[in-house]
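All of the numbers you see were taken from the coordinates with simple rules; none came from a lab. Bear in mind the structure is a predicted one, so any value in this text is a computation, not a measurement. So basically every Cβ, Gly included, is an ideal-geometry build from the backbone, and we count neighbours across all protein chains shown.
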């Protein structure tokens, strides 16, 4: 409790002045008392009782902290329009670049260390979450301090060089993609077939040893070859129509159809020909487990990225044909 | 008055309060009296705008101030400084310029 002598005005002035730097408090307090006194007098003059008049005036003045901020031209926001866009670009960039790299690194490190799957994801999640909070917090703190610093430096200036390039959604831009896809897929299919007949690896007897298990020819190798054929059709469809949600879903299905059986066969030891492993001297001591982990990781990363890339391209395209915006 | 009109009027009047203060305070006066007299002659301003404005103008050296303790309630009397006088001249000239330009627009000379 305050001393009995303290009036509402005393308490209001104290509450408002305490947010100011010490040297300004005295003068500010006197100014505020003058204002409150004059406004109370004006109300009293129109017939209100003393206490009611004081109360009503203070209600009108509002929150003392807000009043003090107005007197001082102090911002009542965390980050104002001067810095908001710079802040937003920085935080977005940090979250988009640093976060995936860090989470990916944690996943890989944990997997290499041989941690159980549940633990791998749990630690990746917790590292990712706390890193995201840190990445958002520190720039925000710095910008909030700059916002409150009157002698702040120049804001990052925008220049036309920073204009984003308009994505080329015409066929011309996609032709390169199509050719690259078809060439890669053709080579891939060729390698799968070739390794079964004329692979460069040979056993001590001089016979060539297939890399993939010969048993797989009954079903899985044809399955992958058909998938490669479908991928070629898919690449042509992208060239013809451009990305859309249906094709993005097909892309997801194709990736799942490829990566899941491949990983399953690989991790259960049925993908690679045992004889080939003998020839190359597998397992290579300690390194064996790490190589397996890295391969599994790479397959998952490539598939996931391919799906995400499809979604990104679909979303960008649906943003409208940028080249025709505002043109008639 | 609807909100849009009110906000545009407020925008339009913002600068005129500064000019009003600078001209009116050639004769020293204190906050509440200034508020009353500005509103009486038709320069509408509310206390929440005026008091912080006086503080800012003083900080910018456009007003000087002096405490008057003759009466029971000490009051801060503001007066336009030479720099404030000069700014008032610039603002008044600009105001007249805008007024003439608007007049030309309305009479169709400008088009």
Checklist outcome for this item: So the FRET efficiency between residue A:309 and residue A:197, C-beta based with R0 = 41 Å and rounded to 0.05, is 0.75
Checklist entry - What is the calculated FRET efficiency for residue A:208 to residue A:299, with r their C-beta to C-beta distance and R₀ = 35 Å, to the nearest 0.05? => result 0.85
Checklist outcome for this item: For chain A, longest principal axis from Cα atoms; helix A:220-241 axis from its Cα atoms; angle between them, nearest 10 degrees, is 50
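With an 8 Å cut-off on Cα pairs and a minimum separation of 6 or more residues, tell me the relative contact order of the stretch B:45-93 in percent.
Numbers: 39 pairs, mean separation 13.9, N = 49.
Reported relative contact order: 28 percent.
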Next on the checklist: Need one word for the stretch B:3-107: rounded, prolate or oblate. Basis is the Cα gyration tensor (sqrt eigenvalues a ≥ b ≥ c); a/c below 1.5 gives rounded, then a/b vs b/c decides.
Outcome noted: prolate
Checklist entry - How many nm is it between the label spots at residue A:14 and residue A:60, if each spot is 7 Å from the Cα in line with the beta carbon? => result 2.5
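Between residue A:74 and residue A:245, what length in nm is gained on full extension when 0.36 nm per residue of separation is reduced by their alpha carbon distance?
Working: separation 171, 0.36 × 171 = 61.56 nm, distance 4.88 nm.
This chain segment gains 56.7 nm when fully extended.
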Checklist entry - Using Cα atoms only, what is the angle between the long axis of helix A:245-267 and the major principal axis of chain A, expressed in degrees (0 to 90) to the nearest 10? => result 60
Next on the checklist: Compute the distance from the alpha-carbon center of the stretch A:37-81 to that of the stretch B:62-111, in whole Å.
Outcome noted: 26
Checklist entry - Put a dot 7 Å past each Cα toward the Cβ at residue A:51 and residue A:278; how far apart are the dots in nm? => result 10.4
Checklist entry - Quick one: B:65, B:37, fewest Cβ neighbours within 10 Å first, how do they rank? => result B:37, B:65
Checklist entry - What is the fewest-to-most order of A:232, A:93 by other Cβ atoms lying within 10 Å of their Cβ? => result A:93, A:232
Next on the checklist: Can you sort A:174, A:157 from fewest to most other Cβ atoms within 10 Å of each residue's own Cβ?
Outcome noted: A:157, A:174
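What is the packing order of peptides A:236-245, A:29-38, taking the mean over residues of other C-beta atoms within 10 Å and listing the highest first?
Numbers: A:236-245: 15.5, A:29-38: 19.3.
Highest to lowest by the protection proxy: A:29-38, A:236-245.
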Next on the checklist: Testing the spin-label approximation: label points 7 Å from Cα along Cα→Cβ at residue B:71 and residue A:137. State their distance in nm.
Outcome noted: 5.4
Checklist outcome for this item: In degrees rounded to 10, the 0-90 angle between helix A:8-17 Cα long axis and the longest Cα principal axis of chain A is 50
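Order of B:96-108, B:79-91 by packing, highest average Cβ count within 10 Å first?
Values: B:96-108: 10.2, B:79-91: 16.2.
The peptides rank, most packed first, as B:79-91, B:96-108.
Using only helices, what value at 222 nm comes out for chain B when you add -39,500 (n - 2.57) per DSSP H run of length 4 or more and divide by the total residues, to the nearest 500 deg cm²/dmol? Intermediate values should be presented prior to the final figure.
Values: 4 runs with 71 residues, N = 111.
Estimated from H runs of four or more residues: -21500 deg cm²/dmol.
Viscosity 0.890 mPa s, temperature 25 °C: what is the translational diffusion coefficient of the protein assembly as shown from Stokes-Einstein with a Kirkwood Rh over Cα pairs, rounded to a whole number of µm²/s? Kindly include the intermediate steps, with their values, before the conclusion.
Working: Rh = 30.5 Å.
Rounded, D is 80 µm²/s.
Rounded to the nearest 0.05, what FRET efficiency do residue B:7 and residue A:145 give with R0 = 30 Å and r taken as the Cβ-Cβ distance? Could you check?
Working: r = 32 Å, r/R0 = 1.06.
Result of the calculation: an efficiency of 0.40.
Could you work out the relative contact order of chain A, using alpha carbon pairs under 8 angstrom and six or more residues apart, expressed as a whole percent? Could you put the intermediate results ahead of the total?
On the way: 204 pairs, mean separation 47.1, N = 328.
Averaging sequence separation for qualifying contacts and normalising by length gives 14 percent for chain A.
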Checklist entry - Using helices alone, what [θ] at 222 nm do you get for chain A, with -39,500 (n - 2.57) per DSSP H run of 4 or more residues, divided over all residues and rounded to the nearest 500? => result -24500 deg cm²/dmol
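What percent do you get for the relative contact order of chain B when only Cα pairs under 8 Å and 6+ apart count?
On the way: 96 pairs, mean separation 28.8, N = 111.
Worked out over chain B, it gives 26 percent.
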